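S.K.: Handing you a structure now.
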There are 2 protein chains.
Amino acid sequence: MRRVVVVGGVAGGMSAAARLRRLDESAQIVVLERGGEVSFANCGLPYHVGGEIPHRDALLLHTPDSLESSLDLDVRVHHDVRSIDREGRTVTARDLVHDVDVVLPYDALVLATGADPIVPPLPGLDRPQVRTLRTVPDADVLRAMLAAGAQKAVVIGAGFIGLETVEAFRRRGLDVTLVEMAPQVLPAIDAEMAALVEAELRLHHVDVRVGTGFAAVEDSTTDHPVDVVLADGSRLAADVVLLGVGVKPSTALARDAGLELSDRGAVVVTADQRTSDPSIWAVGDAIQVIDAVTGVPGVVPLAGPANRQGRTAADSILGRARTSQPVLGTAVVKVFGLTAAVTGPTSRRLTAAGVEHHVVHLHPGSHAGYYPGAKPVHLVLLFTPEGRVLGAQAVGKDGVDKRIDVIATALRAGMTVDDLAELELAYAPPFGSAKDPVNMAGFMAQNILDGTLRAWGPDDLDGFGDDVLLLDVRSEVEVEGGHLPGSYNVPHTELRDHLDDVRQAAAGRPVRVLCASGFRSYLAHRVLAQNGFDSASLDGGLMTLRAQRPGLVLQRGAARMPGQKAPVMAS
Amino acid sequence: MRRVVVVGGVAGGMSAAARLRRLDESAQIVVLERGGEVSFANCGLPYHVGGEIPHRDALLLHTPDSLESSLDLDVRVHHDVRSIDREGRTVTARDLVHDVDVVLPYDALVLATGADPIVPPLPGLDRPQVRTLRTVPDADVLRAMLAAGAQKAVVIGAGFIGLETVEAFRRRGLDVTLVEMAPQVLPAIDAEMAALVEAELRLHHVDVRVGTGFAAVEDSTTDHPVDVVLADGSRLAADVVLLGVGVKPSTALARDAGLELSDRGAVVVTADQRTSDPSIWAVGDAIQVIDAVTGVPGVVPLAGPANRQGRTAADSILGRARTSQPVLGTAVVKVFGLTAAVTGPTSRRLTAAGVEHHVVHLHPGSHAGYYPGAKPVHLVLLFTPEGRVLGAQAVGKDGVDKRIDVIATALRAGMTVDDLAELELAYAPPFGSAKDPVNMAGFMAQNILDGTLRAWGPDDLDGFGDDVLLLDVRSEVEVEGGHLPGSYNVPHTELRDHLDDVRQAAAGRPVRVLCASGFRSYLAHRVLAQNGFDSASLDGGLMTLRAQRPGLVLQRGAARMPGQKAPVMAS
């Protein structure tokens, strides 16, 4: 009889245990969990705090009893594993209820010890108002604080948990300030996409402080119990402070046992989840994973990979050949009415890893524009100069998760932008367009690569002086609402009739075309390029540019027409 | 200067013309359209009839004027192309307004002549109450009939257009009877999935008559203007009859010009959309396409492929290497509150093409069950004995199009069920599950292929007599609500304690396990198989079985427990 001990009874650990039982009815399977709950809905915690999930029981997907009756698992909660005797193949766990040590022998050991919230070494974080949100008791405490009348919350960290907790607090009527050290919210996506999320937060009256470190939690100067002190010296009164600055692998047990760890303290495993000890497997947030695109090792605390790693570990323990895939980091978050999703590395991370890449931005509708309810899907696609898909991000009110899932599948398959262009996705007016946003992204990328589309972006803007002609091809009405200072205006529908005027105004200078979303400027660019101009089209149009450059000031009123003399302009 | 003539100004034709202009500013591009509208939203017509799209103008995405100003296209409506002089490279079109012939020379000709509604040779179909829905004027007529007080509608044909028009008519308050010759609605999906759609139609008070031919439209015997006479002799009073029995390629022009046609009358083209005449390209509903999975040629009148074929044709005309992909037939339809979608061939079509395949049915939630609003996604996955994905269908209220789009991408990539299991899709509680429905389908298929899961289905049920033991592993409460006559009941959580009883009751016979959805019976099957039983688990559970066997009668009350003596039962 095979004896298996699983340390950690959520996600990866429980997946391993369940799969093991389904494959091996005779094994003795013991699951040891330090906390009081197993198999709970970690990802549901913010929604329980916010009240969308009103009943605590809904988070408890299984109990030790239900796991015993359904899967014949010996699940022991409040058991904190303190040490592994690799030589003797035993683990020693502290039974926290009876305060005794239990020694369990194993033939195979699965470490699913997860990750712990990072608590920076700053003063005052041990105060009772400062909380993290990782377990059901964490949620209990936050709910109790809200029930007791908390009014002001400060959330430190604008990652997934931070943003979900911001929404939960706002839903419960609290004033919320969100503090993030990075210059943007949601560092998992690129800045110009995160700007859309930040706008949604502000729309919902969240006080967003990006690019701001926090320094301490101190005695109150108001009638709220504590002050959060920021690096810039400002003080925020708070009833509750949520610390959401990330997690770190919880691997003290593995370290003490002498298992190989990465320099970030994650357990190093093979593709079949085996650690440096062939009798010990590890899964989930505690382990090091390989980025599928960059090949860079890292930690990716996500539920999906954890669950699949558990399944792989079970198969591996039983000698079935199965390996886990490198991780894409596909993720999604709901932020009030908006959805933000990503697959693969960001442009920032690709650059850091030295991966040469192109970027296209587009803003197609979630479904056919003539059918009611279509919303823009703000989409960015990253790809190599050879056309291989590297990643994508999307933000919008509808259809965002679908497009990212499609591209995540394409990314896993090693598809190219040509493949995206030819994907045959389900179309009817309520669901998409005959040319789906993913197809459109493929088309644009093809056009970039074969030179049909030449793009310019915000970095070029910085270099612009009088040495280029900025040509806004939107309608006059749109231009009057706000345009780039110094730009000329010819609506794209009139461009062919004004080519001579443009030529005269350009006087040999390059023409940089722009419109709202990048489509009309693409059409105009094609006209200009084929008429001998050095032209390029603004990638993603003003919509993307304004997200990239939040400080950008547009000028109201009519812009110059190329046939006209330039008006006298300030600047 | 290159002279290009495009025949047909919707979808494929207009895509070709627009792309041509973007790539070649100097070409002379003439688009000839028989009707009065170009570039109209064909797929939006039912929604205009139903009123979701109240304004007719919303359907007209472009006009000849807007196409002239934006893309410098010479678009001529009411021009019916009557002949092609391939030798002299000219087309002759009838200007239907001025009733004169126009002769246009071409260097390249694109045929995008589309398809016409099939009108069976049955009596009475020329009556004014009998309509089709393919053009904007068709929609105008239907709206006028509704405005004039039509109360009773008969829709002939339960394909996409038929179902969308059924919904439109119901939305406008009409009594609707849906008549379909096939034994199911929506023949594009397999019968057990279509049964769910049929139930939704009935829920919305549609009188569904499947397996019923129709014979004629005759003089009225009521105060409604006509009677629809069915093959079984029954008569349906109607104010309006919508004929939605499919379309056929509109290729008289190509035929008369001597271009190669398929035996179904579709224009035969190469992968770069070239016809048997190297100066003539063809795209869209008029052409023959190759099924990506079976390799069987056919016609697939879908907007997505048509648009991409137009793009390919433009590139090909300009000497750019680009080819269209074989067609998957990915499609989706909204039917009241339900969505039904498909990619790849149905099981029925695979069988007809002689493609050996496995099938798994599952019913996972559209997102995490603990987050409010999750709905079942009824999903079927088809795959080869080697594990290659062949197709999938899904029906449900939420998240259906997303899962089919993911599988359509996997199908295009040639992925296996192992790949589906390892897909890393975007997960947060409002959007999915850590194990997404697509992952689950992959897991199940893996289990089938490696023997971990052995399935039985409705065909086996027919053969069952006393020679098998039917074991229902749902809870007693569920079983009392209805169970298969003759089945035994042991809740799966109690199975390990009753193995001896089951062994005694089975007396060496095979055990066929079932539950509601197939998951608990899978767990029970694993227990039984590893304890020496000849066991198998009902694929998709009772949910699928009842859809496969609409006539199946379940028995109320408690079922036998294996330890008990069998009660005296009326068979």
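The values are calculated or read from the model by the stated rules, or taken from the named source; none is laboratory data. Just so it is clear, the structure is predicted and the values come from calculations on it, not from any experiment. Here the Cβ positions follow ideal geometry from the backbone for every residue, glycine too, while neighbour counts run over all protein chains shown. Areas reflect the complete protein model, heavy atoms only, side chains present, ligands, DNA and RNA absent. Shrake-Rupley method; radii C 1.70, N 1.55, O 1.52, S 1.80 Å.
S.K.: When you scan segment B:441-450, how many residues do you find that are more than 18 Å from A:V406 (Cβ to Cβ) and touching a residue at least 60 places away in the same chain (Cβ under 8 Å)?
M.R.: 5
S.K.: Would you confirm, using the coordinates I've provided, whether B:V91 is touching a Phe, Trp or Tyr at 6+ places or on another chain (Cβ under 7 Å), among the hydrophobic types (A, V, I, L, M, F, W, C), more than 10 Å from chain A (Cβ to nearest Cβ) and under 30 Å from A:M444 (Cβ atoms)?
M.R.: In short, no.
S.K.: Here's another thing I want to ask about it. Answer with yes or no whether B:V296 is at negative phi and either open to solvent by 10 Å² or more (accessible area, probe 1.4 Å) or out of contact with any helix residue (DSSP H, G or I) (no Cβ under 7 Å at 6 or more places or on another chain) (or both).
M.R.: Judged against the criteria, B:V296 is a match.
S.K.: If you don't mind, another one. State whether the residues of segment A:268-277 include one that is under 28 Å from A:T132 (Cα atoms) and open to solvent by less than 50 Å² (accessible area, probe 1.4 Å).
M.R.: There is at least one residue in segment A:268-277 that is under 28 Å from A:T132 (Cα atoms) and open to solvent by less than 50 Å² (accessible area, probe 1.4 Å).
S.K.: Select from segment A:211-220 the residues that are in a loop (DSSP other than H, G, I, E, B) and under 14 Å from A:V154 (Cβ atoms) and list them in ascending order.
M.R.: A:T212, A:G213, A:S220
S.K.: Next question. Consider A:L236 carefully, then state whether it is crowded, with 19+ Cβ neighbours inside 10 Å, assigned by TED's automatic domain parsing to the domain that holds A:A139 and in contact (Cβ under 8 Å) with a residue 40 or more places away in the chain.
M.R.: When the stated conditions are applied, A:L236 passes them.
S.K.: Counting residues that are of a type in the set (S, T, N, Q), which helices (runs of 4 or more DSSP H) fully inside segment B:471-571 reach at least 1?
M.R.: In segment B:471-571, B:499-506, B:519-530, B:541-548 are the helices (runs of 4 or more DSSP H) which contain 1 or more residues that are of a type in the set (S, T, N, Q).
S.K.: Can you tell me how many residues within segment A:242-277 are of a type in the set (D, E, K, R), in a loop (DSSP other than H, G, I, E, B) and farther than 18 Å from A:A16 by Cβ?
M.R.: Residues meeting the conditions: 3.
S.K.: Looking at segment A:451-467, can you tell me whether even one residue there is within 8 Å of another protein chain (Cβ to nearest Cβ) and either more than 22 Å from the chain's Cα centre (by Cα) or without any contact (Cβ under 8 Å) to a residue 12 or more places away in the chain (or both)?
M.R.: Yes: one or more hits.
S.K.: Of the residues B:D285, B:D263, which is open to solvent by 20 Å² or more (accessible area, probe 1.4 Å), more than 12 Å from chain A (Cβ to nearest Cβ) and within 17 Å of the chain's Cα centre (by Cα)?
M.R.: That would be B:D285, the only listed residue that is open to solvent by 20 Å² or more (accessible area, probe 1.4 Å), more than 12 Å from chain A (Cβ to nearest Cβ) and within 17 Å of the chain's Cα centre (by Cα).
S.K.: Mind listing just one residue for me: the one in segment A:524-559 that is touching a Ser or Thr at 6+ places or on another chain (Cβ under 8 Å) and surrounded by fewer than 21 Cβ atoms within 10 Å (Cβ to Cβ) and, of those, farthest from A:P364 (Cα to Cα)?
M.R.: Looking at residues that are touching a Ser or Thr at 6+ places or on another chain (Cβ under 8 Å) and surrounded by fewer than 21 Cβ atoms within 10 Å (Cβ to Cβ), I get A:Q530.
S.K.: Given (1) within 26 Å of A:L230 (Cβ to Cβ); (2) assigned by TED's automatic domain parsing to the domain that holds A:F214, identify the lone condition not met by A:L125.
M.R.: (2)
S.K.: Could you tell me which residue of segment A:336-366 is least open to solvent (accessible area, probe 1.4 Å), considering only residues that are within 14 Å of chain B (Cβ to nearest Cβ) and more than 17 Å from A:R403 (Cβ to Cβ)?
M.R.: Across segment A:336-366, the extreme among qualifying residues is A:P345.
S.K.: Right, another one. Output the number of residues of segment A:201-228 satisfying the condition of being farther than 20 Å from A:A340 by Cβ, surrounded by 15 or more Cβ atoms within 10 Å (Cβ to Cβ) and in contact (Cβ under 8 Å) with a residue 60 or more places away in the chain.
M.R.: 8
S.K.: May I pose another question? Could you tell me which residue of segment B:20-38 is nearest to the other protein chains (Cβ to nearest Cβ), considering only residues that are closer than 28 Å to A:P429 by Cα and touching a Ser or Thr at 6+ places or on another chain (Cβ under 8 Å)?
M.R.: So the residue we want is B:R22.
S.K.: Okay, next question. Could you run through segment B:412-447 and say how many residues are among the small types (G, A, S) and open to solvent by 10 Å² or more (accessible area, probe 1.4 Å)?
M.R.: Residues flagged as among the small types (G, A, S) and open to solvent by 10 Å² or more (accessible area, probe 1.4 Å) within segment B:412-447 amount to 4.
S.K.: Kindly list the number of the only condition in (1) within 12 Å of another protein chain (Cβ to nearest Cβ); (2) open to solvent by 40 Å² or more (accessible area, probe 1.4 Å); (3) more than 23 Å from B:L302 (Cβ to Cβ) that fails for B:Y370.
M.R.: Of everything listed in (1) within 12 Å of another protein chain (Cβ to nearest Cβ); (2) open to solvent by 40 Å² or more (accessible area, probe 1.4 Å); (3) more than 23 Å from B:L302 (Cβ to Cβ), B:Y370 misses just condition (2).
S.K.: Having 1 or more residues that are open to solvent by 10 Å² or more (accessible area, probe 1.4 Å) is the bar; report the helices (runs of 4 or more DSSP H) wholly within segment B:7-98 that clear it.
M.R.: Answer list for segment B:7-98: B:11-23, B:64-71.
S.K.: Across segment A:447-470, what is the total count of residues that are of a type outside the set (F, W, Y) and closer than 27 Å to A:V417 by Cβ?
M.R.: Adding up the residues that qualify gives 14.
S.K.: Take the residues of segment B:417-432 that are in contact with a Phe, Trp or Tyr (Cβ under 8 Å, 6 or more places away or on another chain) and closer than 20 Å to B:F383 by Cβ: which is nearest to the other protein chains (Cβ to nearest Cβ)?
M.R.: Among residues in segment B:417-432 that are in contact with a Phe, Trp or Tyr (Cβ under 8 Å, 6 or more places away or on another chain) and closer than 20 Å to B:F383 by Cβ, the one nearest to the other protein chains (Cβ to nearest Cβ) is B:A421.
S.K.: Let me ask you something else. Looking at this structure, is A:D472 within 13 Å of chain B (Cβ to nearest Cβ) and modelled with pLDDT of 95 or more?
M.R.: no
S.K.: Okay, next question. So which residues in segment B:288-324 are part of a helix (DSSP H, G or I), more than 18 Å from the chain's Cα centre (by Cα) and either at pLDDT below 95 or within 11 Å of another protein chain (Cβ to nearest Cβ) (or both)?
M.R.: If the condition is that a residue be part of a helix (DSSP H, G or I), more than 18 Å from the chain's Cα centre (by Cα) and either at pLDDT below 95 or within 11 Å of another protein chain (Cβ to nearest Cβ) (or both), then B:N307, B:R308, B:Q309, B:G310, B:R311, B:T312, B:D315 are the ones that fit.
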